[in-house]
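Heads up, the thing below is written out as structure tokens.
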Amino acid sequence: MRYVRIEADVPYCGCDMVEYLAFEDEASNMEISDYAEDIANDHHNQYEYLATNSIDEDDYETMEEYEEAEAEALEDYRESCSWNWEEVSREEWEEYEGGLA
């Protein structure tokens, strides 16, 4: 088995996530990376509202300007989020029982 720790960081609120998973020995680094990225993106999606929460439609003359401001805020948010994964020992994985830290 391959034991990994996946971390996803959300800079806007400090709502970081750490998850421990086990994969079959045959799992490639690319397969693990793809899975880790999906988990991290799901986590990041939960907090997208923080990027646009302070944008008030009344502050813009047109709906187009408002939508552009929202899109820019979301892009900045996405660029600020990060994730990674690394292999860990079976002992570390067992400490968290393969679940959330």
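Brief remarks follow.
- Applying the condition of being part of a strand (DSSP E or B) and of a type in the set (D, E) to region 8-44 and asking which residue is surrounded by the most Cβ atoms within 10 Å (Cβ to Cβ) yields E19.
- You will find that of L21, L50, the residue that is free of Cβ contacts under 8 Å to residues at least 60 places away in the same chain and out of contact with any Ser or Thr (no Cβ under 9 Å at 6 or more places or on another chain) is L50 and no other.
- Among the candidates S54, S28, residue that is closer than 21 Å to E72 by Cα and out of contact with any strand residue (DSSP E or B) (no Cβ under 9 Å at 6 or more places or on another chain): S54
- Any chance T62 is of a type in the set (V, I, T), in contact with a Leu (Cβ under 7 Å, 6 or more places away or on another chain) and either touching a residue at least 12 places away in the same chain (Cβ under 8 Å) or surrounded by fewer than 17 Cβ atoms within 10 Å (Cβ to Cβ) (or both): no
Table: residues versus (1) farther than 30 Å from L21 by Cβ; (2) more than 18 Å from the chain's Cα centre (by Cα); (3) of a type outside the set (V, I, T).
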{"position": "E48", "(1), (2), (3)": "no, no, yes"}
{"position": "N53", "(1), (2), (3)": "yes, yes, yes"}
{"position": "A73", "(1), (2), (3)": "yes, no, yes"}
{"position": "Y77", "(1), (2), (3)": "no, no, yes"}
{"position": "W83", "(1), (2), (3)": "no, no, yes"}
{"position": "E86", "(1), (2), (3)": "no, no, yes"}
{"position": "E91", "(1), (2), (3)": "no, yes, yes"}
{"position": "E95", "(1), (2), (3)": "no, yes, yes"}
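- Subset of region 47-96 (residues that are part of a helix (DSSP H, G or I), polar (S, T, N, Q) and closer than 19 Å to A8 by Cβ): S80
Throughout, read-outs are computed from the coordinates displayed, never taken from laboratory work. These numbers come from a predicted model, not from an experiment. Don't worry about glycine lacking a Cβ; one is built from the backbone with ideal geometry, like all the others, and counts go over all protein chains shown.
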